[in-house]
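Report on the following structure.
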Amino acid sequence: MTLALTLGMSIGVKKSLHMMWGELIGVGLVGVSAGLGVATIMLRFPQVFIALKIIGGLYLIWIGFQMWQSKGSLAIPDQNSVLPVSSKPLDLALKGFFTAVANPKGWAFFVSLLPPFLNASQPMVPQLITLLSIILSIEFLCLMLYASGGQMLRHLLLNQQNVKLLNRIAGTLMVGVGIWLMLG
């Protein structure tokens, strides 16, 4: 999301769309990989599944606390700086793809989020298709909102205190999701 925000601020929403389609392909790949792995573990080792759910919840809580403690800065170029990223469509798409695939938070998100929504007594493929369709739709909407927000709110997000507040709100939500996951 920070990448979409930063690109929205620096190159605009229209050019950021290339990064978004690359990121959505990467998120889909991570989701399918994590979903198949979670389904296998869930069916064969229910105790490991419960442990993964608890570990995933604790990880999300830890991320939330990290967000609370952040200094409130974004890697956003100032008005006079040279554009640090190529705006070629393929370069942006690859950046989005590799950002999604290499992000351990994305993997942890899928490993911890998918289990409560998967039913071992039902076929896995239709469940994964449904969940990934919903997740990718929400992901695209969020990427668009972040890029648009970055473009519109550039001057506000360059203020460290505003970014700190945003991180604290997001961190609180992350802790809440972690607790929900562990208790659910």
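The values are calculated or read from the model by the stated rules, or taken from the named source; none is laboratory data. Predicted model only: the values in this text are computed from it and were never measured. Reconstructed Cβ throughout: ideal geometry from the backbone, glycine too, with neighbour counts over all protein chains shown.
Need a quick list: helices (runs of 4 or more DSSP H) entirely within segment 104-164 having at least 2 residues that are at pLDDT 85 or above and more than 18 Å from VAL177 (Cβ to Cβ).
So the answer is 124-152.
Answer yes or no as to whether MET124 is buried (at least 16 other Cβ atoms within 10 Å of the Cβ) and farther than 23 Å from MET67 by Cβ.
Against the criterion (buried (at least 16 other Cβ atoms within 10 Å of the Cβ) and farther than 23 Å from MET67 by Cβ), MET124 qualifies.
State whether one or more residues within segment 65-73 are in a helix (DSSP H, G or I), at pLDDT below 80, under 16 Å from the mean Cα position of the chain (by Cα) and surrounded by 14 or more Cβ atoms within 10 Å (Cβ to Cβ).
Yes: one or more hits.
Can you find a residue that is aromatic (Phe, Trp, Tyr) and at pLDDT below 85 anywhere in segment 33-49?
Yes, that holds for at least one residue.
Give the number of residues within segment 5-35 that are within 19 Å of the chain's Cα centre (by Cα) and either surrounded by fewer than 17 Cβ atoms within 10 Å (Cβ to Cβ) or farther than 27 Å from ILE179 by Cβ (or both).
Residues flagged as within 19 Å of the chain's Cα centre (by Cα) and either surrounded by fewer than 17 Cβ atoms within 10 Å (Cβ to Cβ) or farther than 27 Å from ILE179 by Cβ (or both) within segment 5-35 amount to 20.
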